[in-house]
Amino acid sequence: MEYKLQSYDEMFEHIIYQTRYVEKIIDTIVIVPEKNILPKFLNRLVYQIPKSTIDHNLIDDIEKKKDLITNKYYFINNKPHINIGTYLNDKVGMVIDLAPEFNSHLSGLFGATRNMNNKWNVNGELDIKLENIWNTMESV
């Protein structure tokens, strides 16, 4: 919806705007992550988000996009912030602010026993989980 100034009085007390319905397509999507992710992998995410039309269903469409992102990527727990704006006079863009939560951890359990020959036997388990090590949204 666009608002165009229709009329106003000398004291600017009565201002009237004319509203008109304008259907535009969001032609650019930019993702801004808080953590380092390589652009090549962000582009993969962008291509999976369908472009939207600014119409009466825009709010529902944006909520569906937020749900798509949080359901598809395990490291995005909170719905992203989405802003829409114009640029270069008549183009419309969408900026998606992501707050990915990558979790890396190291844990283990070790034990040692002395055998009959008076030598030590050491055994145990080491668990390592690494996420986004190479900025590619991976889990190793």
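Every number here is computed from the coordinates shown, using simple stated rules; none is lab data. Since the model is a prediction, treat every value here as computed from it, not as a measurement. Neighbour counts run over all protein chains shown; Cβ positions are idealised from the backbone, glycine included.
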* Asked: Among Leu45, Leu130, Leu88, whose mean-square fluctuation peaks in a Gaussian network model of the chain (Cα, cutoff 10 Å)?
  -> Leu88
* **Reachable lysines from Lys64, criterion Cα separation under 23 angstrom, eight or more residues apart if same chain** => Lys24, Lys51, Lys72, Lys79, Lys91
* Choice from Met94, Met116, Met11 with maximal GNM fluctuation in the chain (Cα, 10 Å cutoff) -> Met116
* Mind checking which of Leu88, Leu126, Asn115 is farthest towards the positive end of the range 59-140's charge dipole, using Cβ charges of +1 (Lys, Arg) and -1 (Asp, Glu) about the Cα centre? => Asn115
* Taking springs between alpha-carbon atoms closer than 10 angstrom, which of Phe41, Phe12, Phe102 fluctuates most in the Gaussian network model of the chain? -> Phe12
* Around His81, what is the net charge, scoring Lys/Arg as +1 and Asp/Glu as -1 over all other residues with Cβ under 12 Å from its Cβ? -> +1
* Rounded to the nearest 500, what is the chain's calculated 222 nm mean residue ellipticity when only DSSP H runs of at least 4 contribute -39500 (n - 2.57) each, over all residues? -> -5500 deg cm²/dmol
